[in-house]
1. Per residue, how much accessible surface does the stretch 87-228 expose to a 1.4 Å probe? Answer in Å², no decimals.
2. For S83 and D151, FRET efficiency with R0 = 25 Å and r from the beta-carbon atoms, rounded to 0.05?
3. Take peptides 213-220, 100-107, 83-90 and line them up by average Cβ neighbours within 10 Å, highest first, as a rough protection proxy.
4. Under 13 Å from the Cβ of G207, count the other residues' Cβ atoms, weight Lys and Arg +1, Asp and Glu -1, and hand me the total.
5. Report the net charge of residues surrounding Q146, where surrounding means a beta-carbon distance below 14 angstrom and charges are Lys +1, Arg +1, Asp -1, Glu -1.
6. Starting at the first residue of the stretch 117-127, write each ³J(HN,Hα) from the Karplus equation 6.51 cos²θ - 1.76 cosθ + 1.60 with θ = phi - 60°, in whole Hz, x for Gly and Pro.
7. What Kirkwood radius, in Å to one decimal, follows from the Cα pairs of the stretch 86-210?
8. Out of the total accessible area of the chain (probe 1.4 Å, heavy atoms of protein only), what percent is carbon and sulfur?
Amino acid sequence: CPLDKRLNKDEVSMILEKAGDMFKRRASDLNQANLSARLYMLSYSHTKILQLLNELISPPNVSNDEKLYWAEQSQNFYDTYLSQQTLVLETLNRDGKSGLIFTNQSLMKLRHFFELHRKGEFEVALKVLSETGLVPMKQDEMDLMQSKFRDLDPVLKAAFPTVLTGAVECLYEIFRGLKSSHVATPEVQSCLSELQFQARIVFLFSGLINMPSTCKNTIAQHRAHMIR
């Protein structure tokens, strides 16, 4: 007999969710991860499927066929279930899990940031990073973003060392390009000073949120090249 003829709806959902948990433990395998996602959908475990997607699109600086696949799946899930009023969105809000949506969209924006960084589109990359509201570029943004950092999902916090080093690399490349290709007019000097100041803000922020020494050292090295 079919399982749902012998068990009630909640019991079936629980079994499917537990099966999803089992396959999630082997989520490094694409087929296992797909099975886990499908089982979570069948069991209406909306929180767990979003947590799974967030883990699978992380870290955002890594780009390979599997990460691109899951980024596409994540975008499809958002467009279908989270960009408009749906039962999934209602359930997440009711259960106090709307922060997972913020994490998901932040990770997707960070993936875009790193894609632009790899292409050498540094100014556009910084604009995308600014839209996340995660990294300060002005003095008066530091306290707010430090406070925001404390409440971030661990999967998003784990990305910060590469995000901050990526940010200062963008600033350095813009600085280097501007300095080498323009006459030192007052306007150019003003832009260079602003880039130096933004790099200093990123460095100070890395200390405020206790980034690893490797991250802070990389930022400091790029700052030093901008000061010379």
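1. That works out to 52 Å² for each residue.
2. The computed FRET efficiency comes out at 0.60.
3. Details: 213-220: 16.4, 100-107: 20.5, 83-90: 12.4.
The densest-packed peptide leads the list: 100-107, 213-220, 83-90.
4. Here the count lands on +3.
5. Net charge in that neighbourhood comes out at 0.
6. Each residue of the stretch 117-127 in turn: 4, 5, 7, x, 8, 5, 5, 5, 4, 5, 5 Hz.
7. Details: mean 1/r = 0.0632 Å⁻¹.
Evaluated on the stretch 86-210, it is 15.8 Å.
8. Working: 6560 of 12550 Å².
Carbon and sulfur atoms account for 52 percent of the accessible area of the chain.
The values are calculated or read from the model by the stated rules, or taken from the named source; none is laboratory data. Everything numeric here is computed off the predicted structure, so don't read it as measured data. Every residue, glycine as well, gets a Cβ built from its backbone with ideal geometry; the counts of neighbours run over all protein chains shown. With ligands, DNA and RNA removed, areas are computed over all heavy atoms of the protein, side chains included. Shrake-Rupley method; radii C 1.70, N 1.55, O 1.52, S 1.80 Å.
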